[in-house]
Amino acid sequence: MRILFVASECVPFIKTGGLADVVGSLAPVLAQKGHDVRVILPKYAAIAEKYENQMHHVIDFEVQLGWRRQYCGIESLEMDGVTYYFVDNRYYFGRNYIYGLGGDEYERFAFFARAVLNCLPLIPFEPDIIHAHDWQAGMVPALLRIQYSHLPAYASIKTVMTIHNLQYQGIFGIRDVQDVLHLPDSVFTDDKLECHGAANYLKAGLVYADEVTTVSPSYAEEIQTGYYGERLDGLLRAKRDHLTGVLNGIDTVEYDPSTDPSIAQRYSVEDMSGKAANKRALQEQLGLEVRPDVPIIGMVSRLSNQKGLDLVDYVIADIMREDVQLVVLGMGDSRYVNLFSWAEQNYPGRVAARFAMDHDLAHRIYAGSDIFLMPSQFEPCGLSQMISLRYGTVPVVRETGGLRDTVLSYNDYTGAGNGFTFFNYNAHDMLHTLQRALHYYHDRKDVWKTLRERGMSGDYSWRHSAEMYISLYQSILPGEQRFTQPVQGDPHEAVPQAPAKKPAAKKAASKKEAKANDPHEPKEKPAKASAKPAAKKTTAKAAPKAGDPHEPTAAAAKAPAKKTTTKKAAAKSTDPHEAAPAPKKPAKK
């Protein structure tokens, strides 16, 4: 298959959160399985020079955005069997931040979506699947269906939309979005792009994508409820037959204590002696009392309410009454910067806080800590708890989202489990669970040793999840059967659990009736096609209205008059908005 990932960030080039880890880890795994995988993302000014020097210019053209025609360059490089494309426009992406400060996010990522679709015939690359990630890529499935699907080069493309965190949706003024993308009033209804009086980029992707995924089975269930659904729970319930939770993995090469160059001494499940050496090195580096007997509680996290830090705030004095040391690494809300700064001053030699993004220090905390605390209010998947297990650091987590799917609380009667968990979002429930973990650390060394070994022996790779994505992609291509439920067996074998259940299939008549009565089901066709946004059949698309300024035209193009970068001259004389004849597809792998 030919697969195009569309995302706003990707390791190793640019990262602000787990989205970058997922895109940067999953793409090479799919490529190793024989698929043609490519990733496209903005070319930010923050991308390291060593990667920029490896890029080569592919093409440049203009993108119509509102009344303006904006320069767009495409750069590329290859790494680990994956081709990465970078959308180059210094006005939008050459800034000293990644998200959220300029007040024109709707325009930046409208440009990104338009550039992604317009560049495909020019690269050239005709994907079977476009896999869009989070709201920054949400307009790609929508624009594809509304404005491009009648063209031969785009007609057969299927789309998958992945929700990494439903809390972030890309909500903007309707008129602003209409002005830059020239979308008709008919798509700004409550069954399409409109959401509580605003335009919603994530909702656009959910409505128009062929399939929707999120990053853990439990989160897929949670977001269909009012508490976790962030006002989109009705739409997600309507899409439940096309919503799948696929648990994220981690890069098991980067996060491997037996080969990690960032830690003080390497170790493995067969030889755990290096764990104590890493603990001592962490204490020395951060100015903590060097005591091998005291447990270190580690936290590597964005400092926000979502991560459950208000619970820590409420009982931090009780935590520090225990004989423990606390290490915190992260950036975020000033409330929590102040909290941990206060704790560091009031508990000298016992608390260390670093407010930065420090990759090497994060590895040392995973390796040197005894307990990893992650009491999230909600957690779509979470990677830190899997990394801590990989390093033999026992997690204490709240049972939500991916934390529930990866950490099973230790059961003293059956011996099952690989960590400690609590269910209610309550500070004292967290405190009591932490105290329970400390009891096993001090008084049940045999159990503690088993928990460490069990965590390090688990499978946290992308192997199982990549197979699920491949099955999902195949299910929406012509002639393939729909993928209905996850492959049997838990991807993290150390954590026995039941596979996520899908709702039972309904009869055809009742399904039609349900759709007719559901307020979130599109009541009119988003384009003049016979298919609804979630439909599986491939039907011929009718031609769009004449005169749409954003439809690729047959007019000859001029080279961009003035570029915002000092890149090479325009590559071709054909109009970048003109749909080039579809290149001959190579044989599918």
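Nothing in this text is a laboratory measurement; each read-out follows from the coordinates by a stated rule. If you're wondering where the values come from, they're calculated on a predicted model, not measured in any experiment. Counting neighbours? That spans all protein chains shown, and the Cβs are built from the backbone with ideal geometry, glycine included.
Key figures
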| quantity | calculated |
| --- | --- |
| Label point distance in nm, Ala46-Trp67, each placed 7 Å from Cα along Cα→Cβ | 3.3 |
| Spatial separation of Cα centroids for the stretch 203-275 and the stretch 343-363, in angstrom | 27 |
| Likely footprinting exposure, Asp412, Asp233, fewest C-beta neighbours within 10 Å first | Asp412, Asp233 |
| Neighbour-count order for Lys50, Lys15, fewest beta carbons within 10 angstrom listed first | Lys50, Lys15 |
| Residue order, fewest to most surrounding Cβ atoms within 10 angstrom, among Thr16, Thr214, Thr259 | Thr259, Thr16, Thr214 |
| For the stretch 273-457, alpha-carbon Rg and Dmax in angstrom | 14.9, 43 |
